[in-house]
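*Asks:* If you scroll down you'll find the structure; I have some questions about it.
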Amino acid sequence: MSILVTGGTGYIGSHTVVELLNAGKDIVIIDNFSNSKREVLDQIKQITKKDFKFYEINYLDREDLKNVFEENKIEAVLNFAGYKAVGESVEKPIEYYMNNVSGALVLLDVMREYKVKKFIFSSSATVYGDPQTIPITEECTIGGTTNPYGTSKLYIEQILQDLYKSDNSWDIAILRYFNPVGAHESGLIGEEPNGIPNNLMPYISQVAEGRLKELSVFGNDYSTPDGTGVRDYIHVVDLAKGHIKALEKLDKESKGIYTYNLGTGKGYSVLDMVKTFERVTNKKVPYKIMPRRAGDIATSYADPQKAKQELNWQTEKGIEEMCEDTWKFIVKNKDNKKHPNN
Ligand code: UFG
């Protein structure tokens with residue numbers, strides 16, 4: 001029996017594949033490299049010394065997807081095949097809803113046809129909108145998303161709730177990620193955004209590299225300790241491990257639909273991240289204070305107790321490691337580009 005991973009060469013998908021392979025699972029990856037590179041397949045093999053099946057397909061293509069279910073005995077599906085750029089989603093709502101929502105629907109429909117009903121969904125803390133309370137628990141009201149990306153996550157969560165209500169032989173975990181950063185400690189896989197990054201950590205690292213001149217800090221007048229936005233940054237390897245624990249939970253528990261926050265429970269400001277990055281990498285990160293960014297909230301961090309109690313999962317890596325590993329990936333990636341045969 002195999003686990004199907006959609007979007008398995010992307011940032012979070014690839015790190016989760018590594019953890020699944022390390023846990024001895026058989027894996028089938030599908031990806032169309034819309035926001036990732038083919039080389040990631042080899043990097044995963046290099047890290048894990050393990051092999052897996054791969055199909056270059058778009059998960060919206062029902063016939064191609066069915067073929068994967070025909071050719072493999074799939075027991076569970078982890079869905080990472082989503083577009084994720086907040087700003088781009090405002091420009092391209094149809095593309096975002098098509099890929100994220102329609103893609104999930106095609107996938108769930110094909111799963112139903114093949115009687116595969118174990119599903120782990122990558123959701124986001126963005127579904128909480130401007131959160132009612134901090135730290136954010138899973139009981140906080142969801143809604144009030146401010147962009148199609150966030151709304152697509154909200155819609156899919158609702159679809160999953162409706163699906164489970166209609167047929168309680170499904171077994172579903174909804175994982176709400178806080179702010180994933182960092183890279184695998186090998187420096188072989190990490191985050192490679194296309195174009196100018198939107199997110200803080202990739203922006204900081206490109207400034208440190210000298211590719212971008214300075215960081216714009218979006219607002220220093222929030223009601224936070226230093227006035228800049230506070231977020232719950234989580235190391236991507238900790239996040240990946242959360243998926244293994246969620247899968248174990250679905251394997252042993254009676255069927256259900258479970259929702260978990262995956263975060264550290266700690267909030268750090270933009271300036272905390274800049275200072276820590278400078279300290280651990282010994283690089284300068286010049287910045288200037290700019291007006292607030294539309295749609296941003298002051299503070300977001302998780303209450304991760306539910307995941308701790310029910311999944312026996314908690315994060316292990318702090319912000320120093322997040323910064324160190326981000327930088328390791330940048331340096332290694334640059335070397336690989338200079339010496340592609342290394
Ligand atoms: N920030 C800057 N300058 C930048 C980029 C970001 O000051 O160039 C600040 C933001 O204002 C915010 C913090 O850094 O205070 C984090 O911003 P990110 O863009 O890295 O992350 P967000 O919290 O805005 O959004 C992230 C993901 C979304 C996800 C959301 C969940 O990008 O996919 O977390 O809350 F939905």
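The values are calculated or read from the model by the stated rules, or taken from the named source; none is laboratory data. For clarity, every value in this text was computed on a predicted model and none was experimentally measured. Methodologically, a virtual Cβ is constructed for each residue, glycine included, from the backbone with ideal geometry; neighbour enumeration extends over all protein chains shown. Quick note on the areas: whole protein, heavy atoms, side chains included, nothing else; ligands and nucleic acids left out. Shrake-Rupley method; radii C 1.70, N 1.55, O 1.52, S 1.80 Å.
*Asks:* Restricting attention to region 192-250, which residues are acidic (Asp, Glu) and in contact with a Phe, Trp or Tyr (Cβ under 6 Å, 6 or more places away or on another chain)? So that I can check it myself, show each step before the final result.
*Replies:* First, pick out the residues of region 192-250 that are acidic (Asp, Glu): 192, 209, 214, 221, 226, 232, 238, 248.
Matches in region 192-250: Glu214, Asp232.
*Asks:* Right, something else. Answer with yes or no whether Thr264 is part of a loop (DSSP other than H, G, I, E, B), open to solvent by 10 Å² or more (accessible area, probe 1.4 Å), within 11 Å of the ligand (Cβ to nearest atom) and more than 15 Å from Asn199 (Cβ to Cβ).
*Replies:* no
*Asks:* Sticking with this one: Within region 140-199, which residues are touching a residue at least 60 places away in the same chain (Cβ under 8 Å), aliphatic (A, V, I, L, M) and part of a helix (DSSP H, G or I)?
*Replies:* The answer is Leu160, and nothing else.
*Asks:* Something else: Among the residues of region 66-75, are any aliphatic (A, V, I, L, M), surrounded by 15 or more Cβ atoms within 10 Å (Cβ to Cβ) and under 25 Å from Pro193 (Cβ atoms)?
*Replies:* no
*Asks:* Exactly one condition in (1) open to solvent by less than 20 Å² (accessible area, probe 1.4 Å); (2) away from the ligand (no atom under 11 Å from the Cβ); (3) part of a loop (DSSP other than H, G, I, E, B) is not met by His243; state its number.
*Replies:* Here His243 meets the rest and fails (3).
*Asks:* Across region 279-307, what is the total count of residues that are assigned to a strand (DSSP E or B), open to solvent by 50 Å² or more (accessible area, probe 1.4 Å) and either of a type outside the set (A, V, I, L, M, F, W, C) or in contact with a Leu (Cβ under 8 Å, 6 or more places away or on another chain) (or both)?
*Replies:* Residues in region 279-307 being assigned to a strand (DSSP E or B), open to solvent by 50 Å² or more (accessible area, probe 1.4 Å) and either of a type outside the set (A, V, I, L, M, F, W, C) or in contact with a Leu (Cβ under 8 Å, 6 or more places away or on another chain) (or both): 2 in total.
Results for (1) open to solvent by 20 Å² or more (accessible area, probe 1.4 Å); (2) in a helix (DSSP H, G or I); (3) within 11 Å of the ligand (Cβ to nearest atom), shown as yes or no for each residue.
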{"residue": "Ile204", "(1), (2), (3)": "no, yes, yes"}
{"residue": "Val207", "(1), (2), (3)": "no, yes, yes"}
{"residue": "Lys213", "(1), (2), (3)": "yes, no, no"}
{"residue": "Asn220", "(1), (2), (3)": "yes, no, yes"}
{"residue": "Pro225", "(1), (2), (3)": "yes, no, no"}
{"residue": "Ile234", "(1), (2), (3)": "no, no, yes"}
{"residue": "Leu239", "(1), (2), (3)": "no, yes, no"}
{"residue": "Asp251", "(1), (2), (3)": "yes, yes, no"}
{"residue": "Ser254", "(1), (2), (3)": "yes, no, no"}
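*Asks:* While we're on this one: Which ones in region 115-138 are of a type outside the set (S, T, N, Q) and either within 16 Å of the ligand (Cβ to nearest atom) or surrounded by fewer than 17 Cβ atoms within 10 Å (Cβ to Cβ) (or both)?
*Replies:* Those that are of a type outside the set (S, T, N, Q) and either within 16 Å of the ligand (Cβ to nearest atom) or surrounded by fewer than 17 Cβ atoms within 10 Å (Cβ to Cβ) (or both): Lys115, Phe121, Ala125, Val127, Tyr128, Gly129, Asp130, Pro131, Ile134, Pro135, Ile136, Glu138.
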